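Reviewing the structure listed below.
The values are calculated or read from the model by the stated rules, or taken from the named source; none is laboratory data. From a predicted model like this one, the values you see are computed outputs, not experimental measurements. Every residue, glycine as well, gets a Cβ built from its backbone with ideal geometry; the counts of neighbours run over all protein chains shown. For accessibility, only protein heavy atoms count, side chains too; no ligands or nucleic acids. Shrake-Rupley method; radii C 1.70, N 1.55, O 1.52, S 1.80 Å.
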Amino acid sequence: MENLRFEEACGRIVHQNVERAGIGTLSEKTIHAVLKYYYAPDVAHHEKKLAGFVADAYTGEEIFEIQTRNFNTLRRKLDAFLPLCDVNIVYPVAHTKYLRYIDPQTGEVTAPRKSPKRGTPYAIFPELYRIKSYLTNEHLHIRIALLDVEEYRFLDGWSENRRKGASKNDSLPLGLYGEFLLNGTSDYARLIPENLPEQFTSKDYKKAARVSQPLANVALNILNHVGVAERVGKKGNLYVYERRAPSVSK
């Protein structure tokens, strides 16, 4: 049912946008629009004024905010919305990405090339850091939408083939791979890899989660804040962590 609903949302947005404007003239809003229709299919619920702000969608019971970056811009909205009802922040992550390039002179589009990189839920940690103080609020829910996408870039880069440094035009969703929910501490606990030892450092986390060192540092900062990883000492310049059993509530 979820995949069918996602396909319907794509049909409402992607095809009509391409037919009306054409590839190369979109404005990096396609995924935002598709996800808004996916989570709130009734257009009457879109762009609703509430508590002095405009919510992406408000069903009368809960709010959906689609946010691709810069979670810090949500703080004032969260201050206004969270006392009223449940708030869902939807964060899209490109699980599988196919790259296509647009010649800005001719409009010609290259065949898709699959990127070797895979997007994972770990990608959200830098954004969660921007709203760290809100994460334990029982009315806040995070939805990581793992998508298969085609990303379009202009051939305007600095390399000989003009691909390195190319500017992004838009990303078109191909399908919904899955959804990772953060509704409470038990969900955050799933972001601690099972193959970590009883005590571990950010370097151990980096290796187990296959992320960069800066991302591992931020991840453990957040996991410590929500109470599923606890600092129990130091090993050289690194903090040592242990898992903690998730609490029943947020």
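Do we find that Asn88 is at pLDDT 95 or above and either on the phi > 0 side of the Ramachandran plot or not small (Gly, Ala, Ser) (or both) in this structure?
Taking the combined requirement at face value, the residue satisfies it.
Which residues, counting only those in the range 120-132, are assigned to a loop (DSSP other than H, G, I, E, B) and under 30 Å from Pro83 (Cβ atoms)?
Ile131
Could you please give the count of residues in the range 174-187 that are open to solvent by less than 10 Å² (accessible area, probe 1.4 Å) and in contact with a Phe, Trp or Tyr (Cβ under 9 Å, 6 or more places away or on another chain)?
Result for the range 174-187: 1.
Tell me which residues, restricted to the range 208-238, are farther than 17 Å from Lys132 by Cβ and surrounded by 16 or more Cβ atoms within 10 Å (Cβ to Cβ).
Ala208, Ala209, Val211
If I ask for residues that are β-branched (Val, Ile, Thr) and under 14 Å from His139 (Cβ atoms), which ones from the range 53-74 would you list?
Ile63
Any idea which residue in the range 170-206 is modelled with the highest pLDDT, counting only those that are of a type in the set (Phe, Trp, Tyr) and closer than 30 Å to Glu150 by Cβ?
Phe180
Could you check the range 95-134 and list, in sequence order, the residues that are in contact with a Lys or Arg (Cβ under 8 Å, 6 or more places away or on another chain), under 25 Å from Ser202 (Cβ atoms) and crowded, with 17+ Cβ neighbours inside 10 Å?
If the condition is that a residue be in contact with a Lys or Arg (Cβ under 8 Å, 6 or more places away or on another chain), under 25 Å from Ser202 (Cβ atoms) and crowded, with 17+ Cβ neighbours inside 10 Å, then His95, Gly119, Glu127, Ile131, Tyr134 are the ones that fit.
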